[in-house]
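Data first, discussion second: the structure below is written as structure tokens.
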Amino acid sequence: MNTLQDYKGFNREKSIEELQYTMLNHIEILQVVKEDLQFLQFLTQAQIFNPNTMDLFERLEHFKKELDKRIHKSGKLIIDANFHANQIANKIECDELACDNYFINAHNELEQYIHQFSNQTSKFKQELFQYFKSVIKTA
């Protein structure tokens, strides 16, 4: 997974139902990502690492801090996405183009942030997996 796609929003012509479905899908994916990160955090605390590894403690502490940040961010994104999913119904009440544009821009902005978080988290997890491969004790 060397290249990750940039975000492109195609929400201007979507129906309320499509926007809600998309946001609910993002929420489900974020919840899975958060669970993945929590499991990786658990692994960083397990006694499964080769104790003779140079800078093991420092590297694991670095990963723990990064995992804490990402778990917190994923939780915040889940809250934001839930709030936005609930607000999507209010789009019906937009009678003016400016209101509609504001709503779509807010939707695109949140989707873009979720997309960037997902991409960055994927890269981080890949780095962590590579590190784990090099330091986990083998039989």
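The values are calculated or read from the model by the stated rules, or taken from the named source; none is laboratory data. Bear in mind that the values here come from a model prediction, so they are computed numbers and not experimental data. Heads up, the Cβs are rebuilt from the backbone with ideal geometry, glycines too, and the neighbour counts pull from every protein chain shown. Please note that ligands, DNA and RNA were not included when accessible areas were found on the heavy atoms of the full protein model with its side chains. Shrake-Rupley method; radii C 1.70, N 1.55, O 1.52, S 1.80 Å.
Residues checked against (1) under 17 Å from I78 (Cα atoms); (2) open to solvent by 40 Å² or more (accessible area, probe 1.4 Å); (3) modelled with pLDDT under 95:
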site: C94; (1), (2), (3): no, no, yes
site: C99; (1), (2), (3): no, yes, yes
site: Y102; (1), (2), (3): no, yes, yes
site: N108; (1), (2), (3): yes, no, yes
site: E111; (1), (2), (3): yes, no, no
site: F117; (1), (2), (3): yes, no, no
site: T121; (1), (2), (3): yes, no, no
site: K125; (1), (2), (3): no, no, no
site: Q130; (1), (2), (3): no, yes, no
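Every residue, every condition in (1) part of a helix (DSSP H, G or I); (2) surrounded by 14 or more Cβ atoms within 10 Å (Cβ to Cβ); (3) within 17 Å of the chain's Cα centre (by Cα), yes or no:
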position: K8; (1), (2), (3): no, no, yes
position: E13; (1), (2), (3): no, no, no
position: T22; (1), (2), (3): yes, yes, yes
position: L30; (1), (2), (3): yes, yes, yes
position: L60; (1), (2), (3): yes, yes, no
position: K65; (1), (2), (3): yes, no, yes
(message) List pairs: first residue in the range 95-110 and in contact (Cβ under 8 Å) with a residue 12 or more places away in the chain, second residue loosely packed, with under 13 Cβ neighbours inside 10 Å anywhere in the structure, Cβ distance under 7 angstrom, at least six positions apart or on different chains.
(response) I104/R12
(message) Checking N86 against (1) exposed (fewer than 15 other Cβ atoms within 10 Å of the Cβ); (2) under 30 Å from K137 (Cα atoms); (3) not basic (K, R): exactly one of these is not met. Which one?
(response) (2)
(request) Among the numbered conditions (1) part of a helix (DSSP H, G or I); (2) open to solvent by 30 Å² or more (accessible area, probe 1.4 Å), tell me where T138 comes up short. (result) (1)
(request) Starting from residues that are out of contact with any helix residue (DSSP H, G or I) (no Cβ under 9 Å at 6 or more places or on another chain) and outside any helix (DSSP H, G or I), keep the ones in the range 32-58 and report whichever is nearest to A85 (Cα to Cα). (result) A46
(message) Criterion first (modelled with pLDDT of 95 or more, open to solvent by less than 90 Å² (accessible area, probe 1.4 Å) and either in contact with a helix residue (DSSP H, G or I) (Cβ under 7 Å, 6 or more places away or on another chain) or of a type outside the set (F, W, Y) (or both)) does I71 satisfy it?
(response) yes
